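Engineer: Questions regarding the structure given below will be posed in turn.
The values are calculated or read from the model by the stated rules, or taken from the named source; none is laboratory data. Worth saying up front: this structure is predicted, and the values here are computed from it rather than measured. Every residue, glycine among them, receives a Cβ derived from its backbone with ideal geometry; neighbour counts consider all protein chains shown. All accessible areas refer to the heavy atoms of the entire protein, side chains included, with ligands and DNA or RNA removed. Shrake-Rupley method; radii C 1.70, N 1.55, O 1.52, S 1.80 Å.
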Amino acid sequence: MWVRRRRRPRAVQRAAHPPARGFISWTALALVTVGSVGYLGSAPALSVYGLASVFLYVLPALVFLLPVSLVAAELASGWPGGVYHWVEAGISAPAGLLAVWCQFAQTIFYYPALLAYVAGTLAYVVDPGLAGNGVYNAMVIIVLFWGGVLVTSRGSAAVAKLSSGGTLIGTLIPAAILVALGVAYLAQPNPSAAPMTTSHLLPAWTGLGSIVLVVNSFFTYAGVEVNAVHVDELRNPGREYPRSIFLAVALVLAVFIGPTLAIAWVIPAQQISLTAGVMQAFTSLFDRFGAGFAVPLIAVALAIGALAGMLSWLDGPSEGLLRIGREQGFLPPYFQKVNGQGIEVRILAAQGTVIMLIAVLYAFIPNVSSAYWIFAAMATQVYLIMYVLMFIAAIRLRRSQPDHARGYRTPALGLLCVLGTVSSVAALVIGFVPPSQFGHSNPLVYGVLILAGILAIGILPPLLMDRYRKPEWKATGAEQAL
């Protein structure tokens with residue numbers, strides 16, 4: 001499905017430790033935004049729609065990406081600290097905990113899906129048949145996640161060295177190559193596997209399940225709010241930030257739409273793997289043009305890009321959870337401990353234990369693509385809860401603190417918040433319906449499975465943390481600083 005992802009900056013740490021005053025250009029901020037969401041792993045899920053995938057990218061960009069980007073800019077410029085401080089100030093401390101927990105919990109679903117994509121990609125280096133092997137996927141997920149934790153535990157410097165250039169190597173260059181090969185394929189000429197006529201601009205309606213994959217696009221854009229912390233680094237935020245966002249939206253759409261269409265041109269929809277679809281397209285095109293030797297190289301590049309994004313995002317949400325846990329006493333002292341590099345390794349270890357259990361499920365689910373989609377859908381649902389809270393907090397803060405200093409004031413904030421909230425809730429509802437690609441899946445069983453995952457990992461833990469917190473768990477003074 002969605003999987004982003006995407007390179008994600010450590011927004012919480014940046015907000016808690018503001019950089020020295022300096023300015024960046026609005027074009028540079030646009031590129032940072034592209035880097036935070038640009039990720040080819042989401043392309044196969046929407047490529048099954050062919051030309052209609054363009055609509056499925058553009059619609060969420062207008063009703064979700066733009067509201068999130070603009071609203072988060074105002075919140076970040078007035079209330080530093082990340083989403084938990086925004087929601088805490090606008091609603092309440094428990095709501096702030098729920099928001100940051102949802103941001104943290106979605107990664108519990110996101111990492112298995114992301115690493116399953118990496119596993120499917122790396123399979124083309126050894127044996128493409130491994131891409132559908134559940135045991136192989138489970139082993140890769142476990143090994144790569146704990147490897148990422150090991151790297152992250154050594155501090156942000158090590159993460160920065162390994163993640164730098166990941167967007168270029170693993171996203172932009174492969175995307176350009178895939179589109180170029182796809183265009184050459186059509187120019188030979190060869191017929192497109194998916195119809196490319198104007199009558200196919202909109203998804204065919206065969207029931208609600210036929211448009212469920214639109215939720216994929218919401219998760220594709222999720223995380224863009226972390227870049228809002230840069231709004232105060234612009235010389236003229238009121239004019240330059242909107243320019244930056246609109247440029248970023250155009251570039252992101254180009255990065256996503258081109259490769260998605262290229263996959264649709266060469267691989268029939270019913271044969272597209274949600275985890276290995278990108279490599280299916282590369283393999284087919286490289287073989288056609290006599291460059292099969294490049295398949296392992298492109299597989300390694302794509303894996304590097306995905307892993308770089310994982311490292312960039314690995315300790316951001318967990319750090320936000322640590323901060324609110326210390327400030328409000330939501331976390332037991334055991335989980336408030338950090339290592340010598342200031343990394344919350346105990347929280348990451350607890351997260352890794354749950355991820356290991358999820359990874360094992362890959363070994364017992366016959367269809368790896370189905371497992372990938374289910375975990376991706378759960379990640380999307382949990383993350384959307386955070387966005388609903390963010391939009392509500394923004395409206396309340398504008399009304400309750402109209403004179404609070406803000407470096408940027410979002411135009412038509414109320415309208416954008418309503419649009420973003422309605423879009424998020426609609427995506428939440430749609431996400432409980434199995435996509436048409438699941439064939440004869442029982443809708444009730446699928447919906448209950450998604451709901452159970454959301455409640456067990458997204459909702460229940462913060463409720464218990466709030467219910468059983470103790471006054472002595474609240475850190476004071478220097479203890480709250482990392």
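Engineer: So, in the range 73-87, how many residues would count as being closer than 19 Å to residue 413 by Cβ and surrounded by fewer than 24 Cβ atoms within 10 Å (Cβ to Cβ)?
Structural biologist: The total comes to 4.
Engineer: Which of the residues spanning the range 369-398 are open to solvent by 10 Å² or more (accessible area, probe 1.4 Å) and among the small types (Gly, Ala, Ser)?
Structural biologist: 369, 370
Engineer: While we're looking at this one, here's another question. In the range 329-349, what residues are among the charged types (D, E, K, R) and either under 14 Å from residue 151 (Cα atoms) or part of a helix (DSSP H, G or I) (or both)?
Structural biologist: Residues satisfying the conditions are 344, 346.
Engineer: Out of the residues in the range 192-217 meeting the condition of being modelled with pLDDT under 75 and in a helix (DSSP H, G or I), tell me which one is most open to solvent (accessible area, probe 1.4 Å).
Structural biologist: Residues of the range 192-217 that are modelled with pLDDT under 75, as a first pass: 203-217.
With the extra rule that they be in a helix (DSSP H, G or I), the set shrinks to 208-211, 214-217.
Numbers: 208: 75, 209: 16, 210: 5, 211: 43, 214: 16, 215: 5, 216: 0, 217: 0 Å².
Looking at the filtered set, the residue picked out is 208.
Engineer: In addition: Which one is farthest from the chain's Cα centre (by Cα), of the residues in the range 77-106 that are over 19 Å from residue 385 (Cα atoms) and either free of Cβ contacts under 8 Å to residues at least 60 places away in the same chain or in a helix (DSSP H, G or I) (or both)?
Structural biologist: 78
Engineer: For the range 224-328, please list each of the helices (runs of 4 or more DSSP H) lying entirely inside it that holds at least 1 residues being of a type in the set (A, V, I, L, M) and open to solvent by 20 Å² or more (accessible area, probe 1.4 Å).
Structural biologist: Where helices (runs of 4 or more DSSP H) fall fully within the range 224-328 and carry at least 1 residues being of a type in the set (A, V, I, L, M) and open to solvent by 20 Å² or more (accessible area, probe 1.4 Å), they are 237-266, 295-314.
Engineer: Then there's this: Could you please give the count of residues in the range 399-420 that are in a helix (DSSP H, G or I) and crowded, with 21+ Cβ neighbours inside 10 Å?
Structural biologist: Counting residues in the range 399-420 that are in a helix (DSSP H, G or I) and crowded, with 21+ Cβ neighbours inside 10 Å gives 3.
Engineer: Which pairs turn up if I take residues in the range 387-410 that are free of Cβ contacts under 8 Å to residues at least 60 places away in the same chain and look for partners that are open to solvent by 40 Å² or more (accessible area, probe 1.4 Å) and β-branched (Val, Ile, Thr) with beta carbon separation below 8 Å, at least 6 apart in sequence or on another chain?
Structural biologist: 388/425
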